[in-house]
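Student: Quick one: the structure is below, questions incoming.
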Amino acid sequence: MSKVLVIGAGGVSSVCVHKMAMNPDIFSEIHLASRTKAKCDAIAESVQQRTGQTVSTYEIDAEEVPALTRLIERLQPRLVVNLALPYQDLPIMDACLAAGVDYLDTANYEPKDQAKFEYSWQWDYHDRFKARGITALLGSGFDPGVTSVFAMWLRKHKLKTIRQLDILDCNGGDHGQAFATNFNPEINIREVTAPARHWENGQFVETPALSNKASFDFDQVGPKNMYMMYHEELESLARFIPELERARFWMTFGDAYITHLTVLQNVGMTRIDPVMYQGREIVPLQFLASVLPKPETLGSTTKGKTNIGDIATGEALDGSGEKTFYLYNVCDHEDAFAETGNQAISYTTGVPAMIGAAMLLTGAWKGPGGEGGVFNIEQFDPDPFMDMLNTQGLPWQVKELDAPVAF
């Protein structure tokens, strides 16, 4: 029985809080804070209607460290779950450090004024968290998160080593909009338009955004075009699977999405530097995000399924030579909406956030020797997390492939 404070009130937060309320034996008290308290109240009302559980709500600016620290000290949760924007990771970690409370997030830090994200800023907190005796769990979403756990499960149960790893993220859903993103538009477009990077022979290799395309036939979705991108789990996986020769991340996009995005780039709407408009500064991408459909409003119209997983090639654990395994989850948008009022993209991130929180609160995951510090999800035993995926709405399956990927 544990008290938690969740920060952020988007679709991922809504799913996470609903799933926490569905597991009251682990989450005895749920507190929810955001810059806009009305969004927290709407989530709390939905949770009350669906589960009968009460969620307490607060207004807070997550970048105001003193105010956030005071809220944490007043509530005294065992864990702060950061489901706000990646820009806010460091301020929230600072508040947790000041208050002496464990921390969890789903995406690594990126500065507002630079389209760049990496773990170095958060890894630098390790000694301070360790000295304070508190734990930070980084990247407990789906990708990053579940995809990293998938890799470590394969390395524990199927493969002695992983030589090649491909992470495939397919959204086969249709929301009926001409152009919309399935999670925060600003973060989504910054990721997609950034140069692609993949790990090969001990270093990252950079290529132009969306320049490498392949087709793949996804179970329960069908053939889709996918594009190589950079994603933060490549950085942590390369660190914690040192034998990796190559690791890549792929995401599917429809032709209409690519066409819209190309036009928006060409006319300057994806810029993140301020421009003057009618005597005031605006950031074009932030303005664009304000007029695009909000991801949390897409649940009622989105139909279809997601398919996200890992294809890993390496030396078989049983000594039978090199083998390739494909481990993945399929999630139905309509099923996710029926359970939590949110589409599957939010669901596939919010559920792992809840499971990661459960791992810390139940003691299933602890730092070496029970000490604190900053840890990535790859550093813990994958088995209890994988077990909860099966019972909490994200069942997985694994199959052996005839050969390594040909793309």
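Student: What pairs come up if the first residue lies in the stretch 378-407 and is closer than 21 Å to T348 by Cα, the second is open to solvent by 50 Å² or more (accessible area, probe 1.4 Å) and among the hydroxyl-bearing types (S, T, Y), and their beta carbons are under 9 Å apart, counting only those six or more places apart or on different chains?
Tutor: P384/T362
Student: Out of curiosity, is D143 open to solvent by 10 Å² or more (accessible area, probe 1.4 Å), within 26 Å of A9 (Cα to Cα), part of a strand (DSSP E or B) and not β-branched (V, I, T)?
Tutor: no
Student: Let me ask something additional. Would it be correct to say that L298 is among the hydrophobic types (A, V, I, L, M, F, W, C), under 20 Å from the mean Cα position of the chain (by Cα) and more than 20 Å from V263 (Cβ to Cβ)?
Tutor: Against the criterion (among the hydrophobic types (A, V, I, L, M, F, W, C), under 20 Å from the mean Cα position of the chain (by Cα) and more than 20 Å from V263 (Cβ to Cβ)), L298 qualifies.
Student: While we're here: Test of understanding: among A312, A316, which residue is open to solvent by less than 20 Å² (accessible area, probe 1.4 Å), in contact with a helix residue (DSSP H, G or I) (Cβ under 6 Å, 6 or more places away or on another chain) and of a type outside the set (S, T, Y)?
Tutor: Among A312, A316, only A312 is open to solvent by less than 20 Å² (accessible area, probe 1.4 Å), in contact with a helix residue (DSSP H, G or I) (Cβ under 6 Å, 6 or more places away or on another chain) and of a type outside the set (S, T, Y).
Yes or no, residue by residue, for (1) in a helix (DSSP H, G or I); (2) within 26 Å of G10 (Cα to Cα); (3) modelled with pLDDT of 95 or more:
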residue	(1), (2), (3)
K224	no, no, yes
A247	no, no, yes
T259	yes, no, no
T262	yes, no, no
M276	no, no, no
S300	no, yes, no
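Student: Now for a separate question. For the stretch 109-136, what are the residues that are outside any loop (DSSP other than H, G, I, E, B) and surrounded by 15 or more Cβ atoms within 10 Å (Cβ to Cβ)?
Tutor: Selection gives W121, Q122, W123, H126, R128, F129, K130, R132, T135, A136.
Student: Could you please find all residues in the stretch 91-108 being open to solvent by 10 Å² or more (accessible area, probe 1.4 Å) and more than 20 Å from R70 (Cβ to Cβ)?
Tutor: Hits for the stretch 91-108 are T106, A107.
Student: Quick one: R239 ticks every box in (1) in a helix (DSSP H, G or I); (2) open to solvent by less than 50 Å² (accessible area, probe 1.4 Å); (3) over 18 Å from A178 (Cα atoms); (4) of a type outside the set (F, W, Y) bar one, so which box is it?
Tutor: (2)
Student: In addition: When the stretch 68-78 is examined, which residues are found to be open to solvent by 30 Å² or more (accessible area, probe 1.4 Å) and over 23 Å from the mean Cα position of the chain (by Cα)?
Tutor: R70, E73, R74, Q76
Student: Something else: Can you tell me which condition L285 does not meet? The list is (1) under 22 Å from the mean Cα position of the chain (by Cα); (2) of a type in the set (A, V, I, L, M); (3) in a strand (DSSP E or B), and all the others hold.
Tutor: L285 satisfies all of (1) under 22 Å from the mean Cα position of the chain (by Cα); (2) of a type in the set (A, V, I, L, M); (3) in a strand (DSSP E or B) except (3).
Student: Every residue in the stretch 194-241 that is of a type in the set (G, A, S) and under 13 Å from E118 (Cβ atoms), please.
Tutor: A194, S236, A238
Student: If I167 satisfies every condition in (1) open to solvent by 10 Å² or more (accessible area, probe 1.4 Å); (2) in contact with a His (Cβ under 8 Å, 6 or more places away or on another chain) but one, which is the exception?
Tutor: (1)
Student: Being more than 20 Å from D219 (Cα to Cα) and assigned to a helix (DSSP H, G or I) is the filter here; which residues of the stretch 328-348 pass it?
Tutor: F337, A338, E339, T340, S346
Student: Something else about it: Criterion first (touching an Asp or Glu at 6+ places or on another chain (Cβ under 9 Å) and either assigned to a helix (DSSP H, G or I) or surrounded by fewer than 19 Cβ atoms within 10 Å (Cβ to Cβ) (or both)) does Q88 satisfy it?
Tutor: yes
Student: How many of the residues in the stretch 193-209 are hydrophobic (A, V, I, L, M, F, W, C), touching a residue at least 40 places away in the same chain (Cβ under 8 Å), open to solvent by less than 40 Å² (accessible area, probe 1.4 Å) and within 18 Å of D166 (Cβ to Cβ)?
Tutor: Matching residues across the stretch 193-209 total 0.
Student: Within the stretch 10-60, which residues are of a type in the set (A, V, I, L, M, F, W, C), assigned to a loop (DSSP other than H, G, I, E, B) and open to solvent by 30 Å² or more (accessible area, probe 1.4 Å)?
Tutor: Result: M22, single match.
The values are calculated or read from the model by the stated rules, or taken from the named source; none is laboratory data. Computed from a predicted model, the values in this text were never measured in an experiment. Positions of Cβ are generated from backbone atoms using ideal geometry, with glycine treated the same way; all protein chains shown enter the neighbour counts. Ligands, DNA and RNA are excluded from the accessible area calculation, which covers all protein heavy atoms including side chains. Shrake-Rupley method; radii C 1.70, N 1.55, O 1.52, S 1.80 Å.
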